[in-house]
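Single-structure report; data block below.
The values are calculated or read from the model by the stated rules, or taken from the named source; none is laboratory data. Everything numeric in this text was worked out from a predicted model, so none of it was measured. Please note: Cβ atoms are built from the backbone with ideal geometry, for glycine as well, and neighbour counts cover all protein chains shown. Heavy atoms of the whole protein, side chains included, go into the accessibility calculation; ligands, DNA and RNA do not. Shrake-Rupley method; radii C 1.70, N 1.55, O 1.52, S 1.80 Å.
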Amino acid sequence: MPNERRRKIAQNSLLLKSFPQDIQDMILSMSSWREYDRGETLFLQGETAQAIHIVTDGWVKLYRIAPNGGEAVVNVFAKGESFGEAVAFRGHAYPVSAEAVTSCEVMRIPSVALLEAMRKDPEIAVYVLASTFAHLHSLVSQLEQLKAQTGPQRVAEFLLEHCEQESGSCVITLPYDKFLITGRLGMKPESLSRSFARLKTVGVHINRNHAAIDDIELLRDYSETDPVETWHKAQ
């Protein structure tokens, strides 16, 4: 059985938090945990999907290799976030590869565990669909950010996504590789540095791979400000 820390993170994940207690217990008993070193591969694009994953510590990136050999970061996942739901149930090939970008710990839920849960309680399928929709909504939000937000606002939104609370102050542990964040946000490394500098004005302080946020609500207000208004204020 998982230890209490792992269990709590998994139970509070977007994927499992709506499941009845007995279904959660069944899934946890059928799942396994594994630690990965930085740079280690979880799975490769084209491999057959047989499991859903939940990050319980550290960071994992999903990426694709373009025809020219370049790497395109599709998304990054931190503690409590899941991925792989959409393809695992049908045994399709993974459309992306997954790699640990820090030392991390990942829960692996076999597809058969969730299929068994659905047989016991058909409403589980609705919860899984909601989780899959949340991933789609996240991708749409990323596209919106690229089109409608300034660089500092995109970074602010990224930080907010990984706050474990809705208000007050917090400290976020970032991936060691800042190139990962720039790939995720469609920015250049120098643009990320300028954005971090700009966010000091709203109480964000970067110290190596930690981001200290003084006021989450203030940062949220900044991320939602009209970009044109933000640009004029900066002049």
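For the chain, state the average projected area of the convex hull of the C-alpha atoms over all orientations, rounded to one decimal in nm².
13.5 nm²
Between THR48 and TRP33, what is the label-point separation in nm under the 7 Å Cα-to-beta-carbon projection?
Result for the modelled spin labels: 2.9 nm.
Quick check on the chain: helices-only [θ] at 222 nm, where DSSP H runs of length 4 and up contribute -39,500 (n - 2.57) each and the sum goes over total residues. Nearest 500, please.
-13000 deg cm²/dmol
Compute the long axis of helix 189-199 from its Cα atoms, compare it with the longest principal axis of the Cα atoms of the chain, and write down the angle in degrees, 0 to 90, nearest 10.
70 degrees
Would you mind working out the magnitude of the charge dipole of the chain relative to its Cα centre, with +1 at each Lys and Arg C-beta and -1 at each Asp and Glu C-beta, to the nearest 20 Debye?
So the magnitude is around 460 debye.
I'd like to check one number: the per residue accessible area of the range 146-202, probe 1.4 Å, reported in Å² as a whole number.
51 Å²
Tell me the accessible surface of VAL101 in square angstrom (1.4 angstrom probe, heavy atoms of protein chains only), to the nearest ten.
10 Å²
Lys/Arg Cβ at +1, Asp/Glu Cβ at -1, dipole of the chain taken about the Cα centre: which of VAL55, LEU15, THR150 is farthest positive-ward?
Positive-most Cα among the choices belongs to THR150.
Per the 1.4 Å probe, what fraction of the accessible area of the chain, in percent, lies on carbon and sulfur atoms?
52 percent
Rounding to the nearest 10 and keeping the result within 0 to 90°, find how far the Cα-based axis of helix 111-120 lies from the longest principal axis of the chain.
The two axes meet at around 70 degrees.
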